[in-house]
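First the structure, in the form of structure tokens, and then the observations on it.
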Amino acid sequence: MLSKHAKPNLSQSQVVEIVKRVFRLTPSEIRFLPSYDDQNVYVADIKGGEYVLKILNSEDSKNSALIEMQNYAMTVLHQHGLPAQKALPTASGQLMSLEEVDCGYGCQKYLVRLLTYLPGIPISKVPLTPQLLYETGKTAARMDKILQEVEHPHLGVLQRENFIWSLSNVPLLEGYINLFDGDPLEEAVKSVIHQYKTSVVPNRSNFRKCINHGDFNDLNVLVQPDESDGHRISGILDFGDMNSGYYIHELAIAIMYMMTEHPKPIEVGGPVLAGWESVLPLNEAEKDCLYVLVLSRFCQSLVLARHSVILHPENAEYLMITSRKGVHILHQIWELGKEQVEKVWFQSAAQFSDRK
């Protein structure tokens, strides 16, 4: 987890200076965007271009090989027709620049990139129709299938052994249990971690490996209206959590975040699963672990949001977006139980696929 002063907090004048000097652009508009660990800034250029300036936190900025890998992955997805951003070159032709800036707590070094601006609004802002949920699952599967074919000299940096957001590392949450301080949620989180250890870990050798985007959530998926009064996916944002994982992890993450935006969360799993399986049908071990992996992602989100709010109380509103809804959904699907939830998900996925 990041230390307290790792997140950048550049002022408008500092952003303008970097945009002019590093990228040779003259901003006509600058707008700060919400973010978790980094700082994202919308930049409109006087000549009409639109961009996102991404200022990486000081800790991740020490790992330029990881960022280079993310840039490359975004480019490959873009080449395959998926709506990922691309990193644009600096005036000297590099895809990132290490800048030393004082944000109010001494000079620190931040990696800075200028990314293409993708049109659309977050999927959290529109009705999650079964068709849109199907497309979400399908897009997530296509993305991981493409990423699995990526070859790059820095591929090894994606191993990220103790990365707290990886669904391979759910037991690391035990180190944060004290944050609950007797909250009733503590028991549910402990139970999910126990289920993970007893049911997911023994099955993991049967999961198919891949490279995960790792954060296919309701704010990182953009949509635009389509010709049939629905919406289509127009953007995939934020590759900062990319890691070596398993296909089933990406599916669990997508289902979990879409559940937080739906009036009847349990109905989300079927259409997302149907979309996913139209590209990558699950094997038996993956099917058997999906329920616990979805719960595990809820636990990661709830525990780590609490930790981040302690570090950044000024960003509490953004950090707790998923948390506020997630507590109720976690309790709901935990109390329904694995058998009941799986029945709803797999039966509705089969029905949805039959209609296709």
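The values are calculated or read from the model by the stated rules, or taken from the named source; none is laboratory data. Quick caveat: nothing in here was measured; it's all calculated off a predicted structure. Accessible surface areas use protein heavy atoms only, side chains included; no ligands, DNA or RNA. Shrake-Rupley method; radii C 1.70, N 1.55, O 1.52, S 1.80 Å.
Among the protein heavy atoms of region 12-116, carbon and sulfur supply 49% of the accessible surface, probe 1.4 Å, non-protein parts ignored.
Taking the C-alpha atoms only, the angle from helix 338-355 to the longest principal axis of the chain is near 80 degrees. Computed over the chain, the per-residue total of -39500 (n - 2.57) for DSSP H runs of n ≥ 4 gives a 222 nm mean residue ellipticity of -13000 deg cm²/dmol, rounded to 500.
Solvent-accessible surface (1.4 Å probe) assigned to His154 amounts to roughly 60 Å².
How far, in nm, would the chain grow between Glu59 and Asn206 when pulled straight, counting 0.36 nm per residue and subtracting the alpha carbon separation?
This chain segment gains 49.5 nm when fully extended.
Per-residue accessible area (protein heavy atoms, 1.4 Å probe) orders Glu174, Glu261 as Glu174, Glu261, starting from the largest.
Dimensions of region 84-176 based on its C-alpha atoms, expressed as ranges along the principal axes with the largest first, amount to 48, 39, 34 Å.
Computed over region 135-267, the P(r) tail beyond 28 angstrom holds 25 percent of alpha carbon pairs.
Where does region 165-234 land on Rg(C-alpha)/(2.2 N^0.38 Å)?
Relative to the rule-of-thumb radius for its length, region 165-234 sits at 1.61.
Report, to the nearest 10°, how far helix 185-195 tilts away from the longest principal axis of the Cα atoms in the chain, using its own Cα long axis and a range of 0 to 90°. With both axes taken from Cα atoms, the answer is about 70 degrees.
Taking all protein chains together and a 1.4 Å probe, the residues Lys338, Lys47 rank Lys47, Lys338 from largest to smallest accessible area. Take the Cα coordinates of region 12-116, assign each an equal point scatterer, and use the Debye formula without solvent to give log10 I(q)/I(0) at q = 0.14 Å⁻¹. Normalising to I(0) and taking log10 leaves -0.53.
When a 1.4 Å probe is rolled over the protein heavy atoms, the share of accessible surface on region 121-354 that falls to carbon and sulfur comes to 50 percent.
At 1.4 Å probe radius, can you tell me the per residue accessible area of the chain in Å²?
That works out to 44 Å² for each residue.
Across the alpha-carbon set of region 121-354, the Rg to Rh ratio works out to 0.94, Rh being the Kirkwood radius.
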